[in-house]
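Below: the structure, in structure tokens.
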Amino acid sequence: MGMDIYGLNPRVKENSKKPNQIDLSNTTQKEADNYFKQLHKFQDENKGVYFRNNIWWWRPLANLIIDLNESWLSEKQKENMHNNSGQKYNAKIAEIIKASLEQAVKKGLTKKIEKEWKVKAKRADKWNKGIDKEMEKIKKEAIVATKNENIAPIDYPETLKLKWDKLWESRDRTSSYPFSEKNVKEFIEFLDECGGFEIC
């Protein structure tokens, strides 16, 4: 799942042309590949047209945006920062968010957050390896109990299923939500040229 963020009134270079939309259900693979090649070229040339993060990368960035702009964003804007509802943020809000992120970079906050995330992610990975070993033991018990080599956790005997669920819930998901200053800077580039944006 990803967050597709489109500029509302993006700045487009004079000689840059967006390819015409094609019917992907009625085209050859070669035509589709050519279309996406042209589209990506257009987006790379015009940073304010489109920005994409998968949900894992977007969530920490969105949290930072909300934290830095608590007084500027409405409750609805904060809530919809985390979903694909089509929430629009006008050019003024985009400029405010951009300025706040630039200050965060300038003051070293984003570098600090990235460093802290790396430490937490390393700790989480170590913890999860231990959890994985315990879950593997439960899997072996389930195979012995059911004589089914391909048994899925949902079909484990009840007591083993409860143990497996408890372990699954105890996993540390910190490393699933990466944060990098580079990603923040790329979003700043988008904000500088988007003329407001929409999250889809």
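Averaging sequence separations of C-alpha pairs under 8 Å and six or more residues apart, then dividing by the length of the chain, give the relative contact order as a whole percent.
That works out to 42 percent.
Would you mind checking Lys13/Lys112; Lys118/Lys163; Lys76/Lys120; Lys122/Lys182; Lys13/Lys185; Lys112/Lys182 for any pair whose Cα atoms are more than 24 angstrom apart?
Going by Cα-Cα distance, Lys13/Lys112; Lys118/Lys163; Lys76/Lys120 fall outside the 24 Å limit.
Where the only charges are on Cβ atoms (+1 Lys, Arg; -1 Asp, Glu), what is the dipole of the chain about its Cα centre, to the nearest 20 debye?
The calculation lands at about 700 debye.
For segment 1-49, just say rounded, prolate or oblate: build the C-alpha gyration tensor, square-root its eigenvalues into a ≥ b ≥ c, call rounded for a/c under 1.5, and beyond that prolate if a/b exceeds b/c, oblate if not.
oblate
Can you list the aspartates and glutamates whose alpha carbon sits under 15 Å from that of Lys78, skipping same-chain ones fewer than 8 residues off?
Output for Lys78: Asp67, Glu70, Glu198.
Would you mind listing how long segment 22-84 runs along its three principal axes, going by Cα atoms, in whole Å with the largest first?
Projected onto its principal axes, the Cα set of segment 22-84 covers 49, 25, 19 Å.
Rg and Dmax in Å for segment 53-115, alpha carbons only: what are they?
Expressed in Å, the Cα Rg and Dmax of segment 53-115 come to 11.8, 32.
Report, in whole Å, the centroid distance computed from the Cα atoms of segment 18-32 and segment 37-51.
After rounding, the separation between the Cα centres reads 17 Å.
Which lysines, if any, have their Cα less than 25 Å from the Cα of Lys161, not counting same-chain residues under 8 positions apart?
By straight Cα distance, Lys161 reaches Lys126, Lys129, Lys133, Lys137, Lys139, Lys140, Lys147.
Over segment 41-145, what is the relative contact order in percent, taking alpha-carbon pairs closer than 8 angstrom and at least six residues apart?
18 percent
Between Asn34 and Ile55, what is the label-to-label distance in nm when each label sits 7 Å out along the Cα-to-Cβ direction?
So the two model labels end up 3.6 nm from each other.
For segment 115-127, what does the Karplus curve 6.51 cos²θ - 1.76 cosθ + 1.60, with θ = phi - 60°, yield as ³J(HN,Hα) per residue in whole Hz, taken in order and with x for Gly and Pro?
Computed from phi, the couplings for segment 115-127 are 4, 5, 4, 4, 5, 5, 5, 5, 5, 5, 4, 5, 4 Hz.
Please name which of Pro19, Leu73, Ile55 has its Cα lying farthest along the dipole of segment 1-108 towards the positive end, using unit charges on Cβ (Lys, Arg +1; Asp, Glu -1) and the Cα centre as origin.
Of the options given, the answer is Pro19.
Which GluC sites (Glu not before Pro) from segment 29-79 combine a DSSP loop assignment with at most 10 other Cβ atoms within 10 Å?
When the GluC sites (Glu not before Pro) of segment 29-79 are filtered for loop state and at most 10 Cβ neighbours within 10 Å, Glu70 remain.
Before I look further, what does segment 1-146 give for accessible area per residue, probe 1.4 Å, in whole square angstrom?
Per residue, segment 1-146 has an accessible area of 67 Å².
So which trypsin sites (Lys or Arg not before Pro) in segment 17-113 end up in coil per DSSP with only 10 or fewer other C-beta atoms within 10 Å?
Listed in order of number, the matching sites are Lys107.
Can you tally the net charge around Lys161? Count Lys and Arg as +1, Asp and Glu as -1, for every other residue whose Cβ sits under 13 Å from the Cβ of Lys161.
Once positives and negatives cancel, what remains is -2.
Tell me which of Thr110, Pro153, Ala142 sits at the most positive position along the dipole axis of segment 81-190, charges placed on C-beta atoms (Lys, Arg +1; Asp, Glu -1).
Farthest along the dipole direction, towards plus: Thr110.
Output ³J(HN,Hα) for segment 146-158: one whole-Hz value per residue in order, computed from phi by the Karplus curve 6.51 cos²θ - 1.76 cosθ + 1.60 with θ = phi - 60°, and x for Gly and Pro.
After applying 6.51 cos²θ - 1.76 cosθ + 1.60, I find 9, 6, 10, 5, 9, 5, 8, x, 5, 9, 4, x, 3 Hz.
With axes computed from alpha carbons, what is the tilt in degrees of helix 91-106 against the longest principal axis of the chain, rounded to the nearest 10 within 0 to 90?
So the helix axis and the longest Cα principal axis differ by about 60 degrees.
Determine the distance separating the Cα centre of segment 139-200 from the Cα centre of segment 67-137; give it in Å without decimals.
Value for the Cα centre distance between the two parts: 17 Å.
Please work out which option in (1) 6, 20, 29, 23, 13, 6, 2, 1, 0; (2) 8, 25, 24, 19, 17, 6, 1; (3) 9, 31, 32, 19, 8, 1 gives P(r) over Cα pairs in 10 Å bins from 0, in percent calculated from these coordinates, and answer with its label.
Identified label for the calculated read-out: (2).
Compute log10 of I(q)/I(0) for segment 126-200 with the Debye formula, placing one identical point scatterer on every Cα and leaving out solvent, at q = 0.11, 0.18 Å⁻¹, to two decimals.
-0.51, -0.75
Taking a ≥ b ≥ c as the square roots of the eigenvalues of the Cα gyration tensor of segment 79-139, is the shape rounded (a/c under 1.5), prolate (a/b larger than b/c) or oblate?
oblate
Counting each DSSP H run of 4 or more residues in the chain as -39500 (n - 2.57), what helix-only mean residue ellipticity at 222 nm follows after dividing by all residues, to the nearest 500 deg cm²/dmol?
Helix-only estimate at 222 nm: -19500 deg cm²/dmol.
Of all the accessible heavy-atom surface of the chain, with the other protein chains kept in place and a 1.4 Å probe, what percent is carbon and sulfur?
Carbon and sulfur: 51 percent of the exposed surface of the chain.
Helix 181-194 versus the longest principal axis of the chain: what angle, 0 to 90°, nearest 10, using Cα atoms?
Helix 181-194 sits roughly 40 degrees off the main axis of the chain.
The values are calculated or read from the model by the stated rules, or taken from the named source; none is laboratory data. All figures in this text were calculated on a predicted structure; none of them were measured in a lab. Cβ: placed from backbone, ideal geometry, glycine included. Neighbour counts: every protein chain shown. Please note that ligands, DNA and RNA were not included when accessible areas were found on the heavy atoms of the full protein model with its side chains. Shrake-Rupley method; radii C 1.70, N 1.55, O 1.52, S 1.80 Å.
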